[in-house]
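A.B. asks: I'd like to ask you about the structure that follows.
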Amino acid sequence: MSSLSFRSSQPDRWTMPRPHQDASTRYRIYGPILPMEERPGFLARFLRRF
């Protein structure tokens, strides 16, 4: 094991919450909210019936 350690006056980025963003700004940067699971397309749903 190494006895060296890293110290910084700033806290780690992953421990700090992100500041609030306006919804329109968030949309402009990241685009629309996407679902976790992609729904099957129209053709896949249509053909599944038969």
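A.B. asks: Considering the options THR15, ILE33, ALA44, tell which one lies farthest towards the positive end of the dipole of the chain, charges being +1 on Lys and Arg and -1 on Asp and Glu at the Cβ, about the Cα centre.
C.D. replies: Value: ALA44.
A.B. asks: So, in nm, how far is label THR15 from label GLU38 when the simple model puts each one 7 Å beyond its Cα toward the Cβ?
C.D. replies: 3.9
A.B. asks: Let me ask something else about it. Taking all protein chains in place and a 1.4 Å probe, what share, in percent, of the accessible surface of the chain do carbon and sulfur account for?
C.D. replies: Within the chain, the accessible surface is 59 percent carbon and sulfur.
A.B. asks: Report the charge-dipole magnitude of the chain in Debye, nearest 20, computed about the Cα centre from +1 at each Lys and Arg Cβ and -1 at each Asp and Glu Cβ.
C.D. replies: It comes to approximately 240 debye.
A.B. asks: Let me ask you something else. Counting only heavy atoms of protein chains, what accessible area per residue, in Å², does the chain have with a probe of 1.4 Å?
C.D. replies: Per-residue accessible area for the chain comes out at 121 Å².
A.B. asks: Return P(r) of the chain (all Cα-Cα pairs; 5 Å bins starting at 0; whole %; ordered from short to long distances).
C.D. replies: 4, 11, 10, 9, 12, 10, 8, 9, 9, 6, 3, 4, 3, 0
The values are calculated or read from the model by the stated rules, or taken from the named source; none is laboratory data. For clarity, every value in this text was computed on a predicted model and none was experimentally measured. Because the Cβ atoms are built from the backbone with ideal geometry, glycine has one as well, and the counts that use them run over all protein chains shown. Areas reflect the complete protein model, heavy atoms only, side chains present, ligands, DNA and RNA absent. Shrake-Rupley method; radii C 1.70, N 1.55, O 1.52, S 1.80 Å.
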